[in-house]
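The values are calculated or read from the model by the stated rules, or taken from the named source; none is laboratory data. Remember, predicted model here, so these are calculated numbers, not experimental data. Glycine gets a Cβ as well: all are built from the backbone with ideal geometry, and neighbour counts include every protein chain shown.
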Amino acid sequence: MMFSNSALAQAPAAAQAGTCKPTAEQVSQELEMSAKRFAQSGREANQPATRNVTVAAIPGVVASGAKWTKIWQEGGNSADGIIATSDGSVLVAQEDYDAALKIEVNGNSSVFVTNAKGVGALSMDRQGNLYGALRTERPGSTKPDRESIINAIVMFAPQRKTISDKWEDGTTLTVRPNDLAADSHGGAYFTTGCLYYAGPRGVSVIADNIRTNGIAFSLDYRVLYVTNGDEIVAFDVEGPGRLANRRTFAKLPPGNFGDGMAIDSRGRIYVSTGAGVQIFADKGKHLGVIPTPRGIISVAFAGPNRKTLCVIGSGAEDVNGQPIREGPQRTAATIYKIPMIAHGRKGRAK
């Protein structure tokens with residue numbers, strides 16, 4: 001999700017307060033208030049510039065002096081929910097452009113999914129099925145069909161179908177899905193303040209009293225991790241839409257709030273934050289941080305051997321070094337890559 005410096009600020013107030021099923025009126029009011037807070041914060045004027053960083057060695061993970069390379073950028077809320085494809089490219093959701101974009105590690109890009117109205121995040125299950133999280137429009141949207149865009153969890157490939165756009169009681173889904181993790185059983189867990197599961201019977205609340213953002217399965221898919229402000233929470237997976245044994249898995253360094261996550265072949269967890277990629281061992285020990293040129297919102301392993309780490313940075317600059325500000329959020333996105341010692345598991349998108 002854009003602007004990852006504060007996970008709390010990104011979660012709808014209703015969800016923060018424990019109202020996991022807000023009314024449409026509550027959501028509309030909160031979006032209007034968020035837009036006003038955003039305008040009053042001066043965030044547009046203070047969009048941070050690219051920063052110079054030095055990467056220190058993390059044994060078995062990244063070499064000292066490894067360099068980030070910018071491979072792609074675009075104005076607007078143009079990249080989020082990054083995942084890898086089987087050929088080592090990445091897919092990103094383009095909420096402002098209603099598409100999923102495929103980007104090769106050399107920066108070449110092409111539209112992969114069209115007519116993906118309001119898509120804000122992507123996930124791929126173990127069978128290779130591609131899922132997306134659709135979101136209603138923010139205040140300030142100029143899309144001519146903005147009133148018809150809905151909240152939903154959908155499948156894009158190999159066939160297009162809606163997994164769920166309603167609560168289990170049949171009423172319209174009122175929350176805007178943030179990030180998601182497809183479970184290989186035809187459904188998907190998703191975040192947006194509380195934790196939810198979308199399946200054939202509708203969307204259910206899985207966990208409340210939480211401020212979720214990023215989400216990822218363990219290597220064996222028996223544990224589900226979600227970021228919760230300045231910590232990572234873990235759940236045991238007992239079946240589709242059934243979690244147990246909620247516990248704090250790890251604490252982020254002071255001043256950091258977690259966004260998107262990825263897992264490497266050793267089960268280490270990579271969390272995108274304002275400072276960079278925070279890395280944790282599979283038992284929760286903090287191993288270090290890979291500082292990034294910008295605050296980042298999403299992370300994934302890519303490349304033919306999954307030894308390239310790709311991140312989405314908040315913001316971008318034009319040829320004159322000036323911030324690019326487009327779309328309702330007056331923002332942009334930049335994708336960077338860095339060579340790694342660690343690697344992602346081949347065949348896994350995240």
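Quick notes
- Residues that are touching a residue at least 12 places away in the same chain (Cβ under 8 Å) and either more than 18 Å from Glu317 (Cβ to Cβ) or surrounded by fewer than 18 Cβ atoms within 10 Å (Cβ to Cβ) (or both) within the stretch 60-74 comprise Gly60, Val61, Val62, Ala63, Ala66, Lys67, Thr69, Lys70, listed in sequence order.
- Cβ-Cβ under 7 Å pairs, at least 6 apart or on other chains, the stretch 169-184 side free of Cβ contacts under 8 Å to residues at least 60 places away in the same chain, far side of a type in the set (Phe, Trp, Tyr) and surrounded by 21 or more Cβ atoms within 10 Å (Cβ to Cβ): Pro177/Phe190; Ala182/Tyr131; Asp183/Tyr189
Residues are listed down the side, and each one gets a yes or a no for (1) within 22 Å of Asp318 (Cα to Cα); (2) exposed (fewer than 13 other Cβ atoms within 10 Å of the Cβ); (3) modelled with pLDDT of 95 or more; (4) under 17 Å from the mean Cα position of the chain (by Cα):
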| residue | (1), (2), (3), (4) |
| --- | --- |
| Gln29 | no, no, no, no |
| Phe38 | no, no, no, no |
| Arg43 | yes, no, no, no |
| Asn46 | yes, yes, no, no |
| Thr54 | no, yes, yes, no |
| Val90 | no, no, yes, yes |
| Ala93 | yes, no, yes, yes |
| Ile103 | yes, no, yes, yes |
| Asn106 | yes, yes, no, no |
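- Residue, nearest to Gly313 (Cα to Cα), within the stretch 332-345, restricted to residues that are under 20 Å from the mean Cα position of the chain (by Cα) and surrounded by fewer than 21 Cβ atoms within 10 Å (Cβ to Cβ): Ile338
- Sub-6 Å Cβ pairs linking a first residue in the stretch 294-314 that is free of Cβ contacts under 8 Å to residues at least 24 places away in the same chain to a second residue that is outside any strand (DSSP E or B), at least 6 apart or interchain, are Gly313/Arg294, ordered by first then second residue.
- Residue that is modelled with the lowest pLDDT [pool: residues in the stretch 308-323 that are more than 14 Å from Asp259 (Cβ to Cβ) and buried (at least 24 other Cβ atoms within 10 Å of the Cβ)]: Ala316
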